[in-house]
Amino acid sequence: MVKPSRARPLWIAAALVVLAASMLAGLLGGAAGISPWQVVLQALDWLPFVHVESGLAPVEQGLLWEIRLPRVLVAAVVGGLLAMAGAGYQGVFRNPLADPYLLGSAAGAGMAATLVIVLVPAPVASVPLAAFAGAVGGVFLAYLLGNTAGRSGGTATLVLAGVAVTSFLTAIQTFIQQFKVEELQRIYSWILGDVGGGWDQFWLVLPYAAVSSVLLLLHGRVLDVLAVGDEEATSLGLRATRVRLAVLLAASLATAAAVAVSGLIGFVGIVIPHVVRRLAGGSYRIVLPLSLIGGAAFLVLADLLARTVIAPAELPIGVVTMFVGAPFFVGVLRMTRRAET
């Protein structure tokens, strides 16, 4: 069993400092320049029973409060969920290439969102709910298909079922798109990721984020036990199948909630857990919380880059994570092959 680092509080404190710095950068970044001191004063003014003058004009206060702050918070929540879900999937499958979109959740969300955009007039409010339902439905189909092979198939069968479900739902999504070609830009904009939905998106994702995060964090110790193998875990009194199911459901809930409000943002669930393991060790008692914090900081910075690199235009945030994640994925694949040989 992998022992957690004795420096766990220091790592978490350092990660929180990085997250705070990235969120401050996210609040400051944009076409309208606002000084860090004014942002700090405005943040203090938002606290109960505290009143200070920030010097910001009403338009600047509206920009900070109604646009930048909810965007930074949504990016932090989505990044944290995707990274922690990735760590959970990798622990369950004991596979460093496992990804939050492994079991058909992304394809299900994309298919459902496309269906709503094509068929429902003014579907702004209904797209996140449809994406959430589609993500959960995709995971359910993968489980259903995986179980037809019986228990002997194990996690490999479940992964293959996820691939099959993903291919099928993607085909349906492509078919639906042809009925309303004029909406292709909106569909692809959603598919490439967006965290600018405002306060409504933040409050929509927050309850699911809280439940899935708590469930995954509570399973850090048992994931360390699973890492030694099913037989050893069973000898220690752990029901491996039940633990895997609980972690998979929690990780799938986290993925579905993230996808519902942000669209499809790839590679966060691969990049962040691997960086955490390199820095702080392999125990899931530290990998899970650091992935949560690190994923939040990573996506806030990725969104800041998406907003500023071609300003005043804006890149889809999924494009930024692809630029970072694709080379990283190749590196992880090479290291995995070397470890196997």
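A short reminder: the numbers here are calculations on the coordinates, not readings from a lab. Keep in mind that this is a model prediction, so the values were computed, not measured. Here the Cβ positions follow ideal geometry from the backbone for every residue, glycine too, while neighbour counts run over all protein chains shown.
Taking 0.36 nm per residue of separation and subtracting the Cα-Cα distance, full extension of the segment from VAL59 to LEU41 would add 4.9 nm.
With neighbours defined as other Cβ atoms within 10 Å of a residue's Cβ, the residues MET335, MET111, MET84 order from fewest to most as MET335, MET111, MET84. Between LEU10 and HIS51, the modelled label-to-label distance comes to 4.5 nm, taking each label 7 Å out from Cα in the direction of the beta carbon.
Based on the alpha-carbon gyration tensor of segment 126-215 and its eigenvalue square roots a ≥ b ≥ c, which shape applies: rounded if a/c is under 1.5, prolate if not and a/b is larger than b/c, or oblate? Oblate.
Distance between the 7 Å Cα→Cβ label points at TRP203 and VAL181: 4.1 nm. With the simple model of a label 7 Å out from the Cα in the direction of the Cβ, LEU249 to VAL18 spans 3.3 nm.
Full extension of the chain between ALA326 and LEU279 yields a length gain of 14.9 nm, computed as 0.36 nm times the residue separation minus the alpha carbon distance. A protection proxy built from the mean count of other Cβ atoms within 10 Å ranks the segments 169-175, 102-108, most packed first, as 102-108, 169-175.
Think of segment 8-340 as having a plus end and a minus end, set by charges on the Cβ of Lys, Arg, Asp and Glu; of ALA98, TYR188, THR241, THR241 sits farthest toward the positive end of this dipole.
For the chain, take the longest principal axis of its alpha carbons; what is the angle in degrees between that and the long axis of helix 105-119, to the nearest 10 within 0 to 90? Rounded to the nearest ten degrees, it is 50.
Can you give me the relative contact order of the chain as a percent, contacts being Cα pairs under 8 Å and 6 or more apart?
Details: 533 pairs, mean separation 106.7, N = 341.
Once normalised by length, the contact order is 31 percent.
What ranking of TRP65, TRP37 emerges when the number of other C-beta atoms within 10 Å of each C-beta is taken as an exposure proxy, fewest first? The partial results should precede the final answer.
Values: TRP65 14, TRP37 10.
Least to most surrounded, the residues fall as TRP37, TRP65.
Dipole magnitude of segment 8-340 about its Cα centre, charges +1 at Lys/Arg Cβ and -1 at Asp/Glu Cβ only, in debye to the nearest 20?
Details: 18 positive and 16 negative charges, 207 e Å.
Roughly 1000 debye, rounded to the nearest 20.
Of the three principal axes defined by the Cα atoms of the chain, the extents in descending order read 64, 57, 38 Å.
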